[in-house]
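Colleague: This is the structure I have questions about; it appears just below.
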Amino acid sequence: MTLTFLISTLVFVSHIAFVIVAALILLKVRRVKAFFHANALRFSLLITASVVAGSMFFSNVLGWEPCVLCWYQRILLFPQVVLFGIATWRNDRSIFLYTVPLSVIGGLIALYHALLPYFPSASFCDATVSCTKLFTMDYGYITIPVMSLTAFVLLLGLAWVGKKQV
C-alpha cells in the first residue's frame, strides 16, 4: 500500500463519515451535534494541518509540481492552519466568520478543478503544469482536487456545526 493510496483511503472514509454525521445532525441527534460543536476547532485544525502535510508530501517528496489551480487552493487553505491553531488555543469560535469565505472560494475552485479533466477545453492552465493532469486516481474518483474539495467541505460543515449557538 502506497502512502498516496492511504491518503485516498482516509479521504474516502471521511466521505462516508461526513454523510453519516450530517444525517445524524439533520435528524437532530443532540449528542452528535454537541460532540462536533465542542470539537469543531480541533477537527478544523487537524484537517487543515493534514491537508498542508499531504500537499507538501505530494510536491516536496513525490515531486508533483502544483498547477495554477492547486496554488489558488493552497493560498486559501494554508493560512487556515495558523488561524485554527490560534483559535483552538484561545477557544475562539468567531474564527469561523473569517474561515468560511476562504473555504467557500477554495471549495468552488476545487470543484472546478475536480471537473476540469472531464471538460479540458474549459481550462486556462499554464502550459508547464496542466490542471487536467491526474497524478492519482483512487476508488474511481479520488484525485488531488477531490481531496482539496473534501477538506473545504469538511471545514464548512464544521463551521456550520461549530458556530457559537448549540
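Colleague: Yes or no: Arg42 in contact with a helix residue (DSSP H, G or I) (Cβ under 8 Å, 6 or more places away or on another chain), part of a helix (DSSP H, G or I) and open to solvent by 60 Å² or more (accessible area, probe 1.4 Å)?
Modeller: yes
Colleague: Which condition number in (1) surrounded by 13 or more Cβ atoms within 10 Å (Cβ to Cβ); (2) farther than 18 Å from Phe18 by Cβ; (3) modelled with pLDDT under 95 is the one that Gly54 fails?
Modeller: Status for Gly54: all satisfied but (2).
Colleague: Cβ-Cβ below 6 Å, separation at least six or inter-chain, first residue in the range 92-108 and in a loop (DSSP other than H, G, I, E, B), second surrounded by fewer than 16 Cβ atoms within 10 Å (Cβ to Cβ): which pairs?
Modeller: Filtered contacts from the range 92-108: Arg93/Lys164.
Colleague: Taking Ile25, is it open to solvent by less than 40 Å² (accessible area, probe 1.4 Å) and either at pLDDT below 90 or not in a helix (DSSP H, G or I) (or both)?
Modeller: yes
The values are calculated or read from the model by the stated rules, or taken from the named source; none is laboratory data. What you see is a predicted model, and the numbers here were worked out from it, not measured in a lab. Note: ideal-geometry Cβ built from the backbone for every residue, glycine included; neighbour counts use all protein chains shown. Ligands, DNA and RNA are excluded from the accessible area calculation, which covers all protein heavy atoms including side chains. Shrake-Rupley method; radii C 1.70, N 1.55, O 1.52, S 1.80 Å.
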